[in-house]
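In what follows, a structure is listed as structure tokens, so that the remarks can point back to it.
The values are calculated or read from the model by the stated rules, or taken from the named source; none is laboratory data. Bear in mind the structure is a predicted one, so any value in this text is a computation, not a measurement. Using ideal geometry, Cβ is built from the backbone for each residue, glycine included, and neighbour counts are taken over all protein chains shown. Note: areas computed on protein heavy atoms with side chains; ligands, DNA, RNA excluded. Shrake-Rupley method; radii C 1.70, N 1.55, O 1.52, S 1.80 Å.
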Amino acid sequence: MHAPLAGIVGALDETQLELMRACIERELEARLGGGVSGLPVESGASPLDPAADHAGADGLGAATLHSIVTALSGVPGMGGGGACTRGALREGAGADGAGACPRPAPKAADVPCPAQSFEVPEGVKHLTSEQLDELTATFLAWFGAASTPVQRRSRGRLWVAFLMMRHGALRLGEVLALDDAADLDPVRQQVIVRGHGGREIQLPGPVMREVQRVLDDPMMFGLRGRVFRMDQGYVRRKFYERAAECSIPKEYLNPRVIRHSRAVELLRGGVPLKIVQGILGHQSMNQTASYLRFSDDDVRRIVHHYLNKETRMKTSARNAFTGRVTSVVRDGLLVEVELTTNSGLKVVSVITEESAQNLGVGTGRVMTATVKAPWVILAREENRLKTSARNRYAGKVARVNLSEIAAEVVVDLPEGTTVCALLTVESVKALDLAPGTDILVMFKAFSVILNVE
């Protein structure tokens, strides 16, 4: 995916080589010691011995090089096992270069992550983080391969302009209007965008240090304050030329697509929409929201998960179903209430008229139905059991936790709900329950307790 490492190393100066040696050392230590790869390099990291560096360079594969380029760009790599996992996707860097989902978590199917669930609308052209890293490596190698001081100065200006778009999500016009002497704050690692839509943008530490290193090169002395002042057509043309050096289609190699790509990357990393709006300088949050779209299934799954999570935090009942009242039937003494959850599950409860009035039961009201685990009845479907239980659902046993006397049986329903039943050990043996067993879950309407916030 990337250019050969040897070609990149041969084109770098001593400062860049030192940074790359540190990245390689960190990567190899992670791979040999079982650590997390692709972590940002701190300024105190010790470089590899040059001889050892050259001896091992040819043996590094594309995956290792990807991690090195990732570290150079100040964005964490793919090895962390964050909560927002979806295959090998790593689009999860915050504005400061830190991953947004740092702690291990259960399977993504159990804990939906909105940042990884959204789709990017078809009309929004963007690159993945892996493609952005490939493009970064291409620009770095092109800059390092400059053969004359004049060429090096010209390419250096484009290199730092690219970094501003890649990590700051700046518009091309905003980049070209920067005063490199007044608008960059290397101490706070900030870029000051002035004029309409003015804002301060935080850059990852390694990126700001690389920008400052290029600007401090003697070749730039005569241009300080005007390093970014280039012709728009010239910049666009040089971006298009990089298409011949990487696998990215030419129509995707323009400043606008890179800006879109950074926006998507930040959203994938879990950065709140309001913060991304500020980084992009959008006047309306609707502009920023145009980068994401959720399918109906994703909406139901995410809302269902977090509503149930909120309910479980407020009650000791294992089985809690939050939804809207879709039917109310009264007979003067009792009230039959049908609740429909966001996932489509219908739960029927029968309560007294007095309780219904106290709760303010009415169609459209959001309520929570709870059923204690001992009140849940399980039956094998082949027994074709006839029962008066109003609430009947087919599911599969997810797990069975046994003690000497009782057993906790957890059942997954097809629409995503989990129901817990508490049985005797003898009942578990009689039903021959095990993970994967098809089972009927039942509970009576009189066993369902309704409550409101």
For the stretch 154-171, which residues satisfy the criterion of being under 14 Å from K238 (Cβ atoms) and among the basic types (K, R)? R155, R157
Which one is nearest to H282 (Cα to Cα) among residues in the stretch 202-224 that are open to solvent by less than 10 Å² (accessible area, probe 1.4 Å) and not in a helix (DSSP H, G or I)? L203
Answer yes if at least one residue in the stretch 190-199 is part of a helix (DSSP H, G or I) and among the polar types (S, T, N, Q), and no otherwise. no
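Which of the following residues is more than 22 Å from G195 (Cβ to Cβ) and either of a type outside the set (S, T, Y) or assigned to a loop (DSSP other than H, G, I, E, B) (or both): V276, V235, V271? Give the steps one after another, and end with the answer.
Values: V276 fails: more than 22 Å from G195 (Cβ to Cβ); V235 fails: more than 22 Å from G195 (Cβ to Cβ).
Unique residue meeting the criteria: V271.
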Number of positions in the stretch 263-298 that are open to solvent by less than 10 Å² (accessible area, probe 1.4 Å) and more than 18 Å from the chain's Cα centre (by Cα): 1
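Conditions (1) modelled with pLDDT of 85 or more; (2) among the aliphatic types (A, V, I, L, M); (3) touching a Gly at 6+ places or on another chain (Cβ under 9 Å), marked per residue:
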{"site": "I279", "(1), (2), (3)": "yes, yes, yes"}
{"site": "R293", "(1), (2), (3)": "no, no, no"}
{"site": "R324", "(1), (2), (3)": "yes, no, yes"}
{"site": "R330", "(1), (2), (3)": "yes, no, no"}
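Take the conditions out of contact with any Gly (no Cβ under 6 Å at 6 or more places or on another chain), open to solvent by 40 Å² or more (accessible area, probe 1.4 Å) and assigned to a loop (DSSP other than H, G, I, E, B) and apply them to V227. Does it pass?
Details: out of contact with any Gly (no Cβ under 6 Å at 6 or more places or on another chain): yes; open to solvent by 40 Å² or more (accessible area, probe 1.4 Å): no; assigned to a loop (DSSP other than H, G, I, E, B): yes.
So V227 does not fit the description; no.
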Of the residues in the stretch 398-417, those that are under 16 Å from L433 (Cα atoms), of a type in the set (V, I, T) and open to solvent by less than 70 Å² (accessible area, probe 1.4 Å) come to V400, V409, V410, V411
Write out, first by first residue and then by second, each pair whose Cβ atoms fall under 9 Å of each other, whose residues are 6+ apart or on separate chains, and whose first residue, in the stretch 269-294, is more than 18 Å from H126 (Cα to Cα) while the second is hydrophobic (A, V, I, L, M, F, W, C) and open to solvent by 40 Å² or more (accessible area, probe 1.4 Å). K274/M285; M285/L273
Enumeration of residues in the stretch 181-201 that are under 27 Å from the mean Cα position of the chain (by Cα), more than 20 Å from R157 (Cα to Cα) and open to solvent by 50 Å² or more (accessible area, probe 1.4 Å): R188, E200
Being closer than 19 Å to P206 by Cα, part of a loop (DSSP other than H, G, I, E, B) and more than 32 Å from the chain's Cα centre (by Cα) is the filter here; which residues of the stretch 132-180 pass it? D180
The condition from (1) surrounded by fewer than 12 Cβ atoms within 10 Å (Cβ to Cβ); (2) at pLDDT 90 or above; (3) not basic (K, R) that G395 misses is numbered (1)
